[in-house]
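Asker: Quick one: this structure, given as structure tokens, is what I'll be asking you about.
The values are calculated or read from the model by the stated rules, or taken from the named source; none is laboratory data. In this text, all values refer to a predicted model and were calculated from it rather than measured experimentally. Backbone-built Cβ (ideal geometry, glycine too); neighbour counts: all protein chains shown.
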Amino acid sequence: MSQTQILVVDDEPDIRHLVQEILEDEGYSVQAAADGESARLAYTQLKPDLVLLDIWMPDVDGITLLKEWSSSGDLESQVVIMSGHGTLETAVEATRLGAFDFIQKPLSLAKLLATVRKALDSRPQNQAAGPTGLQTPAIEPQGNSPAMQLLRSKAKQAAGTTSPVLIMGETGSGRETLARYIHHLSPSTGRMVILDHSQASDGNGRNYLFGSVSNDRVVKGLLSKAAGGALFIPELHNLPAEIQQLLENAIESGGYTPRGASAVSPLNCRIYCSAQADPELAVQDGSLSSSLYFRLNVLPLKIPALRERPEDVPELIRYFSDWFPNQENLPYRQFSVSVQNRMRNHSWPGNMRELRNLVKRLLIMGGDGEVSMQEVEEALHQSIASAEHGGGVQQALFDLPLREAREKFEHDYLVYQLKKAGGSVGKLSESVGMERTHLYRKLRSLGIDPKTVSRGEG
């Protein structure tokens, strides 16, 4: 741990010194910076494993610094944003730019240390480690239903190959988790990097994926960063058509050319990608290239929705009620058989993610005793009401990892707006200011069926 370098950036001396002392007591090597300019210099010299970055500073704000590091291709560190005046919009912007997490001031010691540990455990070199490496073992898909037993068997078979893997399933079903599990089991010694659609779709997608060379300055693209490991592409159909074509060409030829370069770089990574339950619908509406789909659909794996395997719910409750106390120091609470049975009969529209977050909420908000039926009913009602009315969403989102917070907010927001539009995608397009084709892709990626919503079932 003594080799781990952490940079703390905060203009408040008391906070800066306190955080530095706490982390040094934990055995980390810590350097502090009081402003943006000092942070720039320290980042260049230190190349830290982790940056704890305040947003509001007198010269340069933290988001601007994060944007500089991200756009330059120099963001090799994990970044955790700290702010006493955080908003959901700030959190979304931070994760779009590559931040690992977002924590609010005043800082909780337990929360700070837990976030630091998670961020460091998620570093590329740790993710790249094999079964004997430094990383916390990847999470095995949970559940003893026949469907999950078959899925685990297929995942283990897929791990022994180098072929592309297409993972299908509803939002919240754990597609990225399954990809990480397969990669963990594979003989690969490289890391798995994850494509961020906001960067792939902002007009700079080619540079983001393939890299660029200009004036002897080399900016690594995702394919270069994934060399020797794997690239995970969530929601394959959301890639712009141009990027889909370039990716297909790279897979077909086994190489790609960074913008401005003359030499071809070999494609030296495995491709994992995710799609909704029926990606052929995306092929039919033109949002997904049929040739790219068939080229990547070598090893298809489909994760069953949680409502299709209710027998797995009690096991999942036990798993998460043990996991959160061990990993995040939350209090342990028992779930009675009657409570488990009530949760077993819930439809879980948000799948594994919804169940996990509900268990976490019950552990945080409850006391030390057994989880009561009233608590569960209130939590389930709150979850449903938030999705239906868009109310009380923001605070709950701050308890989620950034990527999940963004996805849940988009889901709940669009469901709310779609209900206001009477299920009409045309009216929704006008009210939210999104082009209809892009909107259809977004709805599909979030598992939103306009027909279901219009019937009051979404």
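Asker: Which condition breaks for GLU315 when tested against (1) modelled with pLDDT of 90 or more; (2) crowded, with 16+ Cβ neighbours inside 10 Å?
Answerer: That leaves (2) as the condition not met.
Asker: Further question on the same structure: When only residues in segment 33-66 that are touching a residue at least 12 places away in the same chain (Cβ under 8 Å) and out of contact with any strand residue (DSSP E or B) (no Cβ under 9 Å at 6 or more places or on another chain) count, which is nearest to ASP121 (Cα to Cα)?
Answerer: By that ranking, first place goes to THR64.
Asker: Follow-up. Run SER70 past the list (1) part of a helix (DSSP H, G or I); (2) over 20 Å from the mean Cα position of the chain (by Cα) and report the number of the one that doesn't hold.
Answerer: SER70 satisfies every listed condition except (2).
Asker: Now for a different question. Can you list residue pairs whose Cβ atoms sit under 6 Å apart, with the first residue in segment 228-245 being without any contact (Cβ under 8 Å) to a residue 60 or more places away in the chain and the second being β-branched (Val, Ile, Thr)? Count only pairs 6 or more apart in sequence or on different chains.
Answerer: If the second residue must be β-branched (Val, Ile, Thr), the pairs left are LEU231/VAL193; LEU231/ILE271; PHE232/ILE194.
Asker: Can you confirm whether GLY255 is touching a strand residue (DSSP E or B) at 6+ places or on another chain (Cβ under 6 Å) and modelled with pLDDT under 90?
Answerer: Judged against the criteria, GLY255 is not a match.
Asker: Tell me, which residue of segment 265-300 that is out of contact with any helix residue (DSSP H, G or I) (no Cβ under 8 Å at 6 or more places or on another chain) and among the hydrophobic types (A, V, I, L, M, F, W, C) is surrounded by the most Cβ atoms within 10 Å (Cβ to Cβ)?
Answerer: ALA277
Asker: Given ARG206, ARG191, which one is within 30 Å of LEU439 (Cβ to Cβ) and among the charged types (D, E, K, R)?
Answerer: ARG206
Asker: Then there is this: Considering only residues of segment 346-382 that are of a type in the set (Val, Ile, Thr) and in contact with a Phe, Trp or Tyr (Cβ under 6 Å, 6 or more places away or on another chain), which is nearest to ASP412 (Cα to Cα)?
Answerer: If we filter segment 346-382 for residues that are of a type in the set (Val, Ile, Thr), which is where we start, we get 359, 364, 371, 376.
After this cut, where a residue has to be in contact with a Phe, Trp or Tyr (Cβ under 6 Å, 6 or more places away or on another chain) as well, the list is 359, 371.
Values: VAL359: 20, VAL371: 27 Å.
That would be VAL359.
Asker: Could you list all residues from segment 291-345 that are without any contact (Cβ under 8 Å) to a residue 60 or more places away in the chain, assigned by TED's automatic domain parsing to the domain that holds GLN157 and over 24 Å from the mean Cα position of the chain (by Cα)?
Answerer: SER291, PHE294
Asker: What residue, among those in segment 428-451 that are modelled with pLDDT of 70 or more and hydroxyl-bearing (Ser, Thr, Tyr), is farthest from LEU281 (Cα to Cα)? I'd like the intermediate steps shown before the answer.
Answerer: Quick first cut of segment 428-451, residues modelled with pLDDT of 70 or more only: 428-436, 438-451.
Checking which are hydroxyl-bearing (Ser, Thr, Tyr) leaves us with 429, 431, 440, 445.
On the way: SER429: 20, SER431: 25, TYR440: 11, SER445: 12 Å.
Ranking the qualifying residues of segment 428-451, first place goes to SER431.
Asker: Also, I was wondering about something else. Any chance you could count how many residues in segment 19-43 are among the hydrophobic types (A, V, I, L, M, F, W, C) and over 22 Å from ASP59 (Cβ atoms)?
Answerer: Counting residues in segment 19-43 that are among the hydrophobic types (A, V, I, L, M, F, W, C) and over 22 Å from ASP59 (Cβ atoms) gives 2.
Asker: Does segment 1-32 hold any residues that are surrounded by fewer than 16 Cβ atoms within 10 Å (Cβ to Cβ), in a helix (DSSP H, G or I) and touching a strand residue (DSSP E or B) at 6+ places or on another chain (Cβ under 7 Å), and which are they?
Answerer: Across segment 1-32, the qualifying residue is only GLU24.
Asker: Here is a follow-up. Inside segment 304-346, can you point out the residues that are under 13 Å from ARG356 (Cα atoms) and among the β-branched types (Val, Ile, Thr)?
Answerer: Once the filter is applied, which keeps residues that are under 13 Å from ARG356 (Cα atoms) and among the β-branched types (Val, Ile, Thr), segment 304-346 yields VAL313, ILE317.
Asker: Looking at segment 416-438 only, could you name the residues that are charged (D, E, K, R) and outside any helix (DSSP H, G or I)?
Answerer: Selection gives GLU435 alone.
Asker: Hey, can you tell me all the residues within segment 250-264 that are buried (at least 19 other Cβ atoms within 10 Å of the Cβ) and of a type outside the set (Gly, Ala, Ser)? Walk me through it before giving the result.
Answerer: Filtering segment 250-264 down to residues buried (at least 19 other Cβ atoms within 10 Å of the Cβ) leaves 250, 256, 258.
Within segment 250-264, TYR256, PRO258 meet the criteria.
Asker: Hey, does segment 66-86 have a residue that's crowded, with 18+ Cβ neighbours inside 10 Å and at pLDDT below 65?
Answerer: Yes, segment 66-86 contains at least one residue that is crowded, with 18+ Cβ neighbours inside 10 Å and at pLDDT below 65.
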